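The values are calculated or read from the model by the stated rules, or taken from the named source; none is laboratory data. The model shown is predicted, which means the values in this text are computed figures rather than measured ones. Note: ideal-geometry Cβ built from the backbone for every residue, glycine included; neighbour counts use all protein chains shown. When the accessible area is computed, the model is the full protein with side chains, heavy atoms only, and any ligands, DNA or RNA have been set aside. Shrake-Rupley method; radii C 1.70, N 1.55, O 1.52, S 1.80 Å.
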Amino acid sequence: KYNVFVTADYYRQDALHASQRESTKTSYLPQIGTNFTSDATYPANISQTDPRTGKPYGFEGWRNPTIPYPGGATPESCAPPYSFSTSRSPTRCAFDYASVIDTIPGYETANVLGRLTWDIRADTQFFVEGSYYRGKFTQLLSPTPVQGANTPTPMTLPASSPYYPTAYVAGQEGGRTDLPLVLQYRTLELGPRVDVTNVDQWNGVVGLQGMLAGWSYQLAANLTTNRQVDSYVSGAVYESKFGPLLRSGVINPFGPNTAAVLDLMRATQVTGEANDSRASDYGLGLTASNDVARLPAGPLAVALGVEGRRESLQQSNSDFIISGDVLGGVGAVPSLEPTHRNVFSLFGEVNVPLAANLEANLALRYDHYSDFGGTTNPKLTLRWQPAKTVMLRAA
């Protein structure tokens, strides 16, 4: 009088690095006119143009003091993760982010599904089913770009820094060694930005199905909940913490830093939950079908249904996401306050045999949404089979 089944699966896929495929291992493809390399590099590019006014207070344009020879960089001087870029003047090494990111994130998923069906009597069944899904996705992005031309606070190296390239700046036309340097820098020493997303989803259905007064019916209630939590693990930095450290002059943007300075840099990293997104859907539905008449060409079949459900959604962002205090991030993103809507639906369908080889189907559905109103959707289909091996459909 009963049937039970349970199925479970686990799946894991390692990350596919962009560097593992010829078509994605570089973002600099001059043969097809593609150049998505970045001026935010390590060693850093420098300028003395004020990014807030667009006017130079020293030399204009980006330079790299680690390439002092005339004419700029050469293809041979740009080792991975850098690519030679002829689109920049003077020619210089640009950061090739494709060499350090994942094309497909590494992930693992687990899923369990079970169902119980019990015969209450010959024409009535009770059923209950449930499922649980768990997914974990790990995404690697390129190390944080520190771009003084694109941040609300200055990303500069002061003239008092021991790493200030005094001789190089003095050799540039218009260069002033008493002014700070605007940087296009990348925190390569902190490694890639690592982002982990965990997803949990529960689903449950309970109901009755069977025959009642000649009608086949199903009455069921369902509940689905989903939660997705996105967390920063390493690599991303607070603008409010990294900026002052950089402007203090202790960071060497042109070469390796000491262990003590690296510890200071790591202390500026953003870690913890970035956002917590939740959704739920619960409702009740009833469907019934029956052959209500016998026509010359066959039975006239009717199906009717009604359902109601409530949908909910919310997203809670962390303080550093709300304020946009993530260097190289997407800016300030507010939380989404809990929001709900109720949906009520009526639907019906009738199948009409017009001839032995011709039938029509008419359907109508009405949905009412509490947040924007109702919508009515009709449908008409025809099925004609003039021969055993030929069938035509129209809708």
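Assorted remarks:
- Directionally averaged shadow of the stretch 287-392, computed from the convex hull of its alpha-carbon atoms, nm²: 12.0
- Whole-percent carbon and sulfur share, accessible surface of the chain, 1.4 Å: 58
- Among G33, G148, G298, residue whose mean-square fluctuation peaks in a GNM of the chain (springs only between Cα atoms under 10 Å): G33
- Spin-label zone in the stretch 6-38 - amide nitrogen under 13 Å from a point set 7 Å from the Cα of T103 along the C-beta vector: 15-27
- Here the Gaussian network model covers the chain, with springs between Cα atoms less than 10 Å apart; of E307, E337, E108, E337 fluctuates the most.
- L364 paired with E22, simple spin-label distance in nm, labels 7 Å along Cα-to-beta-carbon: 6.2
- For the chain, the residue among T41, A18, A303 whose Cα projects farthest onto the positive side of the dipole built from Cβ charges is A303.
- Modelled FRET efficiency - R0 51 Å, V6 with V261, Cβ distances, 0.05 increments: 0.40
- Longest to shortest principal axis, alpha-carbon extents of the stretch 2-57, angstrom: 83, 32, 21
- The spread of Cα positions in the chain, taken along each principal axis and listed from longest to shortest, comes to 99, 45, 40 Å.
- Simple point charges give the picture: +1 on the Cβ of Lys and Arg, -1 on the Cβ of Asp and Glu, and for the chain a dipole about the Cα centre of about 600 debye.
- Paramagnetic label reach from V330 (point 7 Å along Cα→Cβ; backbone nitrogen cut-off under 19 Å): within the stretch 206-242, residues 227-239.
- Among N377, Q269, S318 - extreme Cα towards positive end, dipole of the chain, charges at beta-carbon: N377
- Across T156, T375, T37, mean-square fluctuation computed from a Gaussian network of the chain (C-alpha pairs under 10 Å connected) peaks at T375.
- Spin-label proximity, S316 to the stretch 330-356 - amide N less than 14 Å from point 7 Å beyond Cα toward beta carbon: 335-339
- Mean ellipticity per residue at 222 nm, deg cm²/dmol - from DSSP H runs of n ≥ 4 across the chain, formula -39500 (n - 2.57): -1500 deg cm²/dmol
- Karplus 3J(HN,Hα) series, Hz, for the stretch 160-170 with 6.51 cos²θ - 1.76 cosθ + 1.60 (x for Gly, Pro): 7, 5, x, 9, 5, x, 4, 4, 5, 5, 4
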